[in-house]
Amino acid sequence: MERHFELELEKLKKRILKMGNLVASQVHQTMVALVNCDVELAREIIETDNAVDELDVKIDKLCQRIFALTQPVATDLRLIMASLRMNNDLERMGDHAVNIARRIDGLSDYKDILQELKINELAEATDAIVRDVIAILNSRNVVFIKDIYNDSEIIRERVQVISENIIEQMTKKSDVVVVATNLMIILSQIERIAGYSLNIAESIYFLVEGKLVKHKKRFWDQEFVNEKHRDFGSDEDKGSVNEQNPPSEV
């Protein structure tokens, strides 16, 4: 029975990482499609949504089965609790990527506006934060978790600045109202993807350290990393996303 329990936990770890890699790839492709106004790629992204949904259900059922057949405690219980939350956050992140893909059709006539608003920079930052948090999930080096908070704040601020620019454009050019509305919705989806990335970072910290930091802004404003983690100083220490993931460049 104990051996079966260990196998189920190992299966859960692999499925969560697989879900993370799948969603990271989905977000990456979405950002590429957004920057290039690639309608064909956007359609392919929409079609991948079923794969994310199916894996989401498999992970939920696996967690339910582990709870039903065993009485997990301590680190095992944290793994299941964190996995349930991360799975939900990843599924929602995938939904937002698909929502963005659905709105790419019609942007091709307004590439100049996208360039003026520097949407490519925002897309690169969004791709990076998702890639990085999945790398941390893989390595569990919590020293880098504060980077996810900082990056999410940068994305939130960029979204705010771009939104203000769009509103200003709408007051000057009535012909951009439709595309501007689309862009405002896309920006809100990007901001949520960054928010879910932070949620996942919080879940990883709970999994590794056993401490809840959800809704604790003070946690992010202080030095929280133990000395034992300070040896991890390079980007390589974050870990790497599954090799099947496409390259990070948008």
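The values are calculated or read from the model by the stated rules, or taken from the named source; none is laboratory data. The structure presented is a predicted model; accordingly, all values stated were derived computationally and were not measured. Please note: Cβ atoms are built from the backbone with ideal geometry, for glycine as well, and neighbour counts cover all protein chains shown. Remember, those area values only see protein heavy atoms, side chains included, never the ligands or the DNA or RNA. Shrake-Rupley method; radii C 1.70, N 1.55, O 1.52, S 1.80 Å.
Quick notes
- The number of residues in the range 1-59 that are within 18 Å of the chain's Cα centre (by Cα) and not in a helix (DSSP H, G or I) comes to 1.
- Residue list for the range 5-46, filter: without any contact (Cβ under 8 Å) to a residue 12 or more places away in the chain and either farther than 18 Å from residue 90 by Cβ or surrounded by 14 or more Cβ atoms within 10 Å (Cβ to Cβ) (or both): 6, 7, 10, 36, 40
- Given (1) modelled with pLDDT of 60 or more; (2) over 30 Å from residue 110 (Cα atoms); (3) open to solvent by 90 Å² or more (accessible area, probe 1.4 Å); (4) among the polar types (S, T, N, Q), number of the condition residue 244 does not satisfy: (1)
- Where a residue in the range 115-136 is under 28 Å from residue 208 (Cβ atoms) and of a type in the set (Asp, Glu) and its partner, wherever it lies, is at pLDDT 95 or above and surrounded by 24 or more Cβ atoms within 10 Å (Cβ to Cβ), with Cβ under 6 Å and at least six apart: 127/28; 127/31
- Residue list for the range 162-175, filter: surrounded by 12 or more Cβ atoms within 10 Å (Cβ to Cβ) and under 11 Å from residue 117 (Cβ atoms): 162, 163, 165, 166, 169
- Odd one out for residue 50, checked against (1) closer than 17 Å to residue 93 by Cα; (2) touching a residue at least 60 places away in the same chain (Cβ under 8 Å); (3) surrounded by fewer than 19 Cβ atoms within 10 Å (Cβ to Cβ): (2)
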